[in-house]
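Here's the structure we're looking at; comments come further down.
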Amino acid sequence: MINIDKSVALSEYKDCGTIGMWEEVLNAAKTDPSMIEKGVEGIHMLARDHARTPMQWTSAAPHGGFSKTTGETWMRANDSYATINAAQQENDPDSSLAFYRAMLKLRKAESDLVVRGLFELVDRENEQTFVFVKRAGSKAMLVALNFTADFQPFVVPKALGGQVALSVSSLGLDGVVSDELRPFEARIFLPSA
C-alpha cells in the first residue's frame, strides 16, 4: 500500500492525532500564515491514516472490495486500490503479499528465534543500515535492513562464520549473499544446513 494521495482533503482524515494537529496548525496560523503550508506537508508525511485505510482486496469492486456498500464507508479506500490490491499480488512471488507470507511462515517456523530470541545489535554506529542477530540456544538468525535509497555495504558478521543462507528478502529471493544491500532492502538469514 502507499500513502493517501495529497489531493485528498484533510477533512477526510480520521485519526484523532491528525485532527488535533490540524487544529493546532490553524490556531498557530492566526499569527503565522506560513504554518498552514507546513502543517499540510507534515500531515501528508506523518498521518497515521496512511496505514489505516481499508484493506485493498481487489480492483473489481467498489472500495477495493473492503465493503459491499456502494455508498460511502466510514473511511475512504485509498485510490490506489485500482492497481495495488491483494488479488493483483496473489501470484507474484516478488509482491508485498508474498513477502509478508514468507515472513509469517518464518515467524511460525522459527518462533524460538523471532519471538523469544535474544537481540544483539551488530553495527551500532551505522545510521544507514540496521543489522542485528537473534539468538536462541545454539541457533542464530541475522537480520539486515537498509533504510536508504542507496546500495549499502554489507558483510556477514564473523561471529556467524559466514555460514548463512538467505531465507527472506523484501526484494525477492535471489539466493545470493552479496557484499551490499539494495536500496530499502530487508534480508533475513538463517544458518545454512
(request) Please enumerate the residues belonging to the range 102-135 that are closer than 30 Å to Gly64 by Cβ and surrounded by 12 or more Cβ atoms within 10 Å (Cβ to Cβ). (result) Ala102, Met103, Lys105, Leu106, Arg107
(request) Go through the range 49-65 and give me each residue that's within 21 Å of the chain's Cα centre (by Cα), at pLDDT 90 or above and open to solvent by 40 Å² or more (accessible area, probe 1.4 Å). (result) Met55, Trp57
(message) I'd like the residue in the range 76-88 that is in a loop (DSSP other than H, G, I, E, B), buried (at least 17 other Cβ atoms within 10 Å of the Cβ) and of a type outside the set (Lys, Arg) and, out of all such residues, is farthest from the chain's Cα centre (by Cα).
(response) Ala77
(request) Out of the residues in the range 27-43 that are closer than 30 Å to Ala82 by Cα and of a type in the set (A, V, I, L, M, F, W, C), state the one that is surrounded by the most Cβ atoms within 10 Å (Cβ to Cβ). (result) Ile43
(request) Take the range 54-90 and flag every residue that is among the β-branched types (Val, Ile, Thr), in contact (Cβ under 8 Å) with a residue 12 or more places away in the chain and out of contact with any Phe, Trp or Tyr (no Cβ under 9 Å at 6 or more places or on another chain). (result) Thr83, Ile84
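Quick grid of which residues meet (1) among the acidic types (Asp, Glu); (2) within 29 Å of Tyr100 (Cβ to Cβ):
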residue	(1), (2)
Ile19	no, no
Glu23	yes, no
Ile43	no, yes
Asp49	yes, yes
Pro62	no, yes
Gln88	no, yes
(message) Checking the structure you have, find out if any residue of the range 16-26 is open to solvent by 70 Å² or more (accessible area, probe 1.4 Å) and small (Gly, Ala, Ser).
(response) no
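The values are calculated or read from the model by the stated rules, or taken from the named source; none is laboratory data. All values reported here derive from a predicted model rather than from experimental measurement. As a convention, Cβ positions derive from the backbone with ideal geometry for all residues, glycine included, and neighbour counts pool all protein chains shown. What goes into the accessible areas is simple: the full protein's heavy atoms, side chains included, and nothing from ligands, DNA or RNA. Shrake-Rupley method; radii C 1.70, N 1.55, O 1.52, S 1.80 Å.
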